[in-house]
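Report on the structure given below.
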Amino acid sequence: MDDLNLPSIILQGLATFWWAIPVITLGWLFESSWFKGVFGEFLVNRSFKKHLNPERYTVLHDVTLPTNNGSTQVDHVVISPFGVLVV
């Protein structure tokens with residue numbers, strides 16, 4: 001019983017399951033609302049750049065507009081000959 005003390009058991013467990021710490025951390029990160037928001041913004045920006053002709057469409061990002069109570073932010077505004085799209 002002398003060979004089995006708590007610190008050595010913990011170290012053996014960490015040596016065996018070292019990979020679980022980054023997997024759990026990444027799982028938590030991918031499920032967070034912050035990551036989903038940042039990744040969604042990235043996908044929309046990339047899609048606009050890839051699929052919209054810059055000669056025909058003007059894309060504005062993170063537009064801040066004044067309001068009576070302060071200000072509000074619009075993530076994306078697309079201006080085209082067909083109209084204005086606000087996302």
Whole-Hz Karplus ³J(HN,Hα) for segment 76-87, in order, using 6.51 cos²θ - 1.76 cosθ + 1.60 and θ = phi - 60°, x for Gly and Pro?
-> 9, 10, 10, 10, 9, x, 8, x, 10, 10, 10, 10
Residue 8 paired with residue 41, simple spin-label distance in nm, labels 7 Å along Cα-to-beta-carbon = 5.2 nm
So if we plug the beta-carbon distance of residue 77 and residue 21 into 1/(1 + (r/R0)^6) with R0 = 35 Å, what FRET efficiency do we get, rounded to 0.05?
-> 0.25
For mean projected area of the Cα convex hull in nm², which listed value, [x] 5.7; [y] 10.6; [z] 7.1, comes from the coordinates shown?
-> [y]
Expressed in nanometres to one decimal, the distance between label points 7 Å along Cα→Cβ at residue 58 and residue 28 is 4.5 nm
Karplus ³J(HN,Hα) for segment 52-59 (6.51 cos²θ - 1.76 cosθ + 1.60, θ = phi - 60°; Hz, whole; x = Gly/Pro) runs 9, 6, x, 6, 10, 10, 10, 10
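None of the figures in this text is laboratory data; all of them are computed from the coordinates on show. No experiment lies behind these values; they were computed from the predicted model shown. Heads up, the Cβs are rebuilt from the backbone with ideal geometry, glycines too, and the neighbour counts pull from every protein chain shown.
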